[in-house]
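To start, the structure under review is shown below, and the notes come after it.
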Amino acid sequence: METLVCTTPGQFEYRTGVKPELSPDHAIIKMKRIGVCGTDLHSFQGTQPFFEYPRILGHELAGELVEFDGAPGFEIGEKVTILPYFYCGTCVACRAGKTNCCVQLKVSGVHMDGGMVEYLKVPSYSLVHGDGLSLDELALAEPLAIGAHGIRRAGVQPGEFVLVIGAGPIGLGVMEFARIAGGRVIAMDVNEARLAFCREKLQVPYTLNARAGDVTEQLREITNGDMPTVVIDATGNQAAINNAFQYMAHGARYVLVGLQRGEITLSHPEFHKREATLMSSRNATRQDFEHVLNSLKQGLIDPVTYITHRVQFGEVKDQFASWLNPANGVIKAMVEM
C-alpha cells in the first residue's frame, strides 16, 4: 500500500508499505478522509512536542471498516472514525477514566504512525460508529471533540463570557461548544479573515483583533467591566498564552487547549488575587466524541464549512507546505483517498 512519510522537518516522501494484517482485538480501516490539523503542521515545521522522525502523520480520520475482531455491533463496510488516542487501560489516569491523558498514551500520527496510508490498523476499542454522518463530518469529529473536551473542562455555564483565543479549526470547535453550552463567545485572533469567518459562519457575537487597540479595555466594555470568566487558549503560541492571564475575571478559569514548547510566565500576585484556576485540556474521551456526533446529527454544527482546501492523497506532498502560509486562507485542509 502507499504511505506518506514525514522524514524530517519540511520533507515528505511517498513510500510503499505493507498492508496490515488483522490481529486479535484490532480492526483494519480503508482510509477515505484525512483532516490536516495544527499538530500535523507543527510536526512538518519541526515544532511539535512529543514527536520523532520519520513519522506518518494523520489522526483526523474517516474510512470504511474492512476487517475487525472484538468489535461487537460493527459491520464490515460501515463508515467509521476513531478515537486516535491509544491507552494502556491500567495506569492511574486510565483507572480514573481519563484515558485521554494515559501515562503511556500513544496518539496516532504523533507518537506512532498515523492515517496517511491506504489501510490503517487500530485497536477495536477505538472504533466509533459513523451513525449516518458523512465522511467529511466523521473526519472532523476529532478536532471538534478537542473543543468539546476543553469546554467540559472549563465547566461553562449559560450566560458566561467565554474568551477563545485562536480562530483556527480547534478554536472554532471550542467556540461552537461554548455556544452550545450557553456561553457568550468572544473570539480573538490576529487574522481578520478568520475573525470574519467567526462572525459570518459561526455567528460569534464578539470578535477582537489582538493587535488592534487596547484588548483589555475592549474586553471590559464587552463584559460590562467584569472580564471573561472563562479564557481558553487555542493558539499554542507562547506569547498569546502568557498574555491571556491579564484577561481573566476574578474567579475565572483559564484552560490551555493549545500546546507549545516553552515556559508559562505569569504574575503570581495577579493570578492569586483572582483565586484563578489554570488547567490543561488534552485530547478527548468517548464521551466528548458522543457529544460531537449527537450535535452533528441534531444540526447544531456544520463543520464542513471549515474545509477551505481539498486535495487528493497524491497531491499532499506538493501542497502541504503552502498550508502554512496565512495568505492562502487555510482553515481546514481535507485529504481524500
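The values are calculated or read from the model by the stated rules, or taken from the named source; none is laboratory data. Keep in mind that this is a model prediction, so the values were computed, not measured. For neighbour counting, all protein chains shown are included, and Cβ atoms are generated from backbone atoms with ideal geometry for every residue, glycine included. Just so you know, the surface numbers come from the protein's heavy atoms only, side chains and all, with ligands and any DNA or RNA stripped out. Shrake-Rupley method; radii C 1.70, N 1.55, O 1.52, S 1.80 Å.
Here are the numbers for this structure:
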read-out: Unmet requirement for Gln238, which otherwise passes all of (1) modelled with pLDDT under 95; (2) crowded, with 18+ Cβ neighbours inside 10 Å; value: (2)
read-out: Residue match in segment 39-48 (condition: within 17 Å of Gly109 (Cβ to Cβ), in contact with a Phe, Trp or Tyr (Cβ under 7 Å, 6 or more places away or on another chain) and in a strand (DSSP E or B)); value: no
read-out: Test: residue in segment 176-184 that is in contact (Cβ under 8 Å) with a residue 40 or more places away in the chain and farther than 25 Å from Gly35 by Cα; value: yes
read-out: Some residue of segment 306-328 being aromatic (Phe, Trp, Tyr), closer than 25 Å to Arg179 by Cα and surrounded by 15 or more Cβ atoms within 10 Å (Cβ to Cβ); value: yes
read-out: Filter result for the condition that a residue is of a type outside the set (D, E, K, R), surrounded by 19 or more Cβ atoms within 10 Å (Cβ to Cβ) and closer than 19 Å to Ala154 by Cα, over Met227, Met279; value: Met227
read-out: Search result, residues across segment 169-187 that are under 12 Å from the mean Cα position of the chain (by Cα) and either open to solvent by 10 Å² or more (accessible area, probe 1.4 Å) or among the hydroxyl-bearing types (Ser, Thr, Tyr) (or both); value: Pro169, Ile170
read-out: Top-ranked residue in segment 126-151 [being modelled with pLDDT of 95 or more and charged (D, E, K, R); ranked as surrounded by the most Cβ atoms within 10 Å (Cβ to Cβ)]; value: Glu142
read-out: Every pair of residues 6+ apart whose Cβ atoms lie under 8 Å, when the first sits in segment 112-141 and is at positive phi while the second is surrounded by fewer than 19 Cβ atoms within 10 Å (Cβ to Cβ) and in a helix (DSSP H, G or I); value: Asp131/Lys297; Gly132/Lys297
read-out: Subset of segment 192-215 that is surrounded by 17 or more Cβ atoms within 10 Å (Cβ to Cβ) and in a loop (DSSP other than H, G, I, E, B) - its residue that is nearest to the chain's Cα centre (by Cα); value: Leu202
read-out: Which numbered condition Val255 fails, given (1) without any contact (Cβ under 8 Å) to a residue 40 or more places away in the chain; (2) surrounded by 12 or more Cβ atoms within 10 Å (Cβ to Cβ); value: (1)
read-out: Test for Gln218: is it over 22 Å from Cys37 (Cα atoms), free of Cβ contacts under 8 Å to residues at least 40 places away in the same chain, open to solvent by 40 Å² or more (accessible area, probe 1.4 Å) and in contact with a strand residue (DSSP E or B) (Cβ under 9 Å, 6 or more places away or on another chain); value: yes
read-out: Test: Ile28 is at pLDDT 95 or above and either open to solvent by 30 Å² or more (accessible area, probe 1.4 Å) or touching a Gly at 6+ places or on another chain (Cβ under 8 Å) (or both); value: no
read-out: Yes/no for Gln298 being surrounded by fewer than 18 Cβ atoms within 10 Å (Cβ to Cβ), within 20 Å of the chain's Cα centre (by Cα) and of a type outside the set (Val, Ile, Thr); value: no
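Conditions (1) surrounded by fewer than 18 Cβ atoms within 10 Å (Cβ to Cβ); (2) under 28 Å from Ala234 (Cα atoms); (3) not assigned by the TED database to the domain that holds Ile170, marked per residue:
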residue: Tyr14; (1), (2), (3): yes, no, yes
residue: Val18; (1), (2), (3): yes, no, yes
residue: Leu22; (1), (2), (3): yes, no, yes
residue: Gly46; (1), (2), (3): yes, yes, yes
residue: Ala62; (1), (2), (3): no, yes, yes
residue: Ile76; (1), (2), (3): yes, no, yes
residue: Val92; (1), (2), (3): yes, yes, yes
residue: Val110; (1), (2), (3): no, yes, yes
